[in-house]
1. Strictly over 21 Å apart at the Cα level, which of Lys81/Lys101; Lys16/Lys46; Lys16/Lys45 would you flag in this model?
2. Could you compute the FRET efficiency for Glu89 and Cys23, with r as their C-beta to C-beta distance and R0 at 35 Å, rounded to 0.05?
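Every number here is computed from the coordinates shown, using simple stated rules; none is lab data. Quick caveat, the model's predicted, so the values are computed rather than measured. Every residue, glycine among them, receives a Cβ derived from its backbone with ideal geometry; neighbour counts consider all protein chains shown.
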Amino acid sequence: MPKGIPNKKYTPEFKKLVVETMCNESLSYRETARRFKISNHDTIKKWERIYLEEGLELERRGRACADSGTIKGRKPKFEKKKEEDLIAELQRLRAENDYLKNLYALVLEEERRQNKKLW
């Protein structure tokens, strides 16, 4: 981008209008970008993703908070307790997976032994 030309800033209302128009009228990203005079159609892809995930009411600026992984002023995606529960469930499922893999290997080994005895 040439020096001296600032980045264009769009309001959350405009972003929401663009995404909703695109969805309602079944426009492609490029068609929508042309219609609303947005230089890069990838910008609209990003707006659509944000809109579908959390809505475009809040302005997204700045880096995520190091402690909670959220942008300043927003609540975290998961509460601490829920996050701990999910991690514990993941560990249980991984242990169960390992157990089942070992059991499957033992069953296969037993079947091989049975087949050898038959011959």
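1. Lys81/Lys101
2. Working: r = 35 Å, r/R0 = 0.99.
Given R0 = 35 Å and the Cβ-Cβ separation, E is 0.50.
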